[in-house]
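S.K.: Starting off with a structure, shown below.
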Amino acid sequence: MRTLKELKERVRRFIDDVAIPLESLDIERDVDALDDIARTLRRQAREAGIYGPQLPREYGGLALPWLACAELFEESARSLLGPIALNCAPPDQPNALLLDLLASPAQRAQFLEPIARSEKRACFAMTEPAPGAGSDPSMLQTTARRKHGKWVLNGHKKFISGGIKADIAIVPARTEEGVTLFVFETATPGYRVVRDIPMVTGYQIGGHAEILLEDCELADDAVLGVVGKGLAHIQLRLEPARLSHCMRFIGRARRAMDIAQGYVNERVSFGARLAEQQQVQAMVADSHIDLHASRLLTLHCAALMDEGKSVKHHSSMAKVFVSEAVGRVADRAMQMCGALGISEDAAISAIWREMRPFRIYDGANEVHRSALARRILDRNISP
Ligand SMILES: Cc1cc2nc3c(=O)[nH]c(=O)nc-3n(C[C@H](O)[C@H](O)[C@H](O)COP(=O)(O)OP(=O)(O)OC[C@H]3O[C@@H](n4cnc5c(N)ncnc54)[C@H](O)[C@@H]3O)c2cc1C
């Protein structure tokens, strides 16, 4: 049994020696190239004994608790390809978690096992164009109606990470009993990917899809969990998903600072190294304060998850703080590197682009702030 320290060191070496050298503008937005590279990297990660820190052992994962995952996710995410390599990247990391919690034995075999073994990949298709579900899930327009013993799904989904060439879809739809989750093969007639929506970010396995569901017929065994309990089920995915993003983005922001620190230690301006300029030093110090505070909030929330406690409140606080803090860190790293930071010659620009959407997905920060304030004011919750 390897210690966490040993595992972390293995991940660190793998990221530096294997993943970072493969980062390239040529593959950043190429779904097929990313799938190819994922296959290669995952084989190498298995050989290195670091594949799937969060995944069940029966499927080749390490089944580590959240606190240990926090350290490994952070370490892996120093590379834009790292979480992909370890199969702890979204959307399949939270998809597998949801399936592990809700899937029937047959669904485990059909969907969870191939995702965990990295033979197939899935998307989670919730968001819809207006007037459908966005920040407010109660606006869900996609319907699942019963007809001749089948469920018939109709709807329109947008911005679905991993949706291009996904094999499996998890789709919330409105039924008479309330919102219900469905899991099925995307080869099902009536399921159609319209396009890959260009976003500011790259390195997303399966891009960001727009999807149409047109009389998509599913049998009863496509229901994931309990009919009508979809909104509660979605929370099981969302809370750990947003905390896992915090874990990974701390690693990304660290990488940006590593590059920036290397730069200011070498670069001379006005007769002194940039590292000797107080305003540069302040950017370094503030960034490390942001990273440390982010890590503490994340680790505390991970510890609560390991204790089986609800993290609704704490994961919201962590998500808001970390998404803004890592954005500040990437922005300072960019500033410290001058034109190099803006260019594609350094990874900082890709990292900076990746940080921005985190304030919108997994619940927009404004929505989290308003939910936090309501809970605090209504129930007089103390820190
Ligand atoms: C990179 C990326 C990947 C994504 N991947 C997926 C995916 O895999 N699956 C999926 O289903 N969805 C995905 N999404 C969509 C994401 O979940 C939504 O963007 C998010 O839920 C917000 O919905 P919306 O974009 O419709 O914004 P809207 O609901 O239109 O809100 C727009 C803005 O209004 C403000 N706002 C909203 N409500 C409030 C409020 N109550 N108080 C104050 N301000 C408010 C916020 O600033 C918000 O950003 C992804 C989005 C991005 C950017």
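S.K.: When the residues of the stretch 1-27 are filtered to those that are charged (D, E, K, R) and modelled with pLDDT under 95, which remaining residue is nearest to ASP258 (Cα to Cα)?
M.R.: Ranking the candidates gives ASP26 first.
S.K.: Can you work out which of the residues in the stretch 49-71 that are among the hydrophobic types (A, V, I, L, M, F, W, C) and not in a loop (DSSP other than H, G, I, E, B) is surrounded by the most Cβ atoms within 10 Å (Cβ to Cβ)?
M.R.: Looking at the filtered set, the residue picked out is ALA70.
S.K.: Still on this structure, I have one more. Of all residues in the stretch 343-378, how many are open to solvent by 30 Å² or more (accessible area, probe 1.4 Å), assigned to a helix (DSSP H, G or I), under 23 Å from MET247 (Cβ atoms) and hydrophobic (A, V, I, L, M, F, W, C)?
M.R.: 2
S.K.: Kindly evaluate GLU217 against the criterion of being under 30 Å from GLY132 (Cβ atoms), among the acidic types (Asp, Glu) and at pLDDT 95 or above.
M.R.: Here the answer is yes, as GLU217 does meet what is asked.
S.K.: Hey, could you check the stretch 1-48 for residues that are part of a helix (DSSP H, G or I) and touching a Gly at 6+ places or on another chain (Cβ under 6 Å) and say which is surrounded by the most Cβ atoms within 10 Å (Cβ to Cβ)?
M.R.: ALA19
The values are calculated or read from the model by the stated rules, or taken from the named source; none is laboratory data. None of the values given here were measured: they were computed from a predicted structure. Backbone-built Cβ (ideal geometry, glycine too); neighbour counts: all protein chains shown. What goes into the accessible areas is simple: the full protein's heavy atoms, side chains included, and nothing from ligands, DNA or RNA. Shrake-Rupley method; radii C 1.70, N 1.55, O 1.52, S 1.80 Å.
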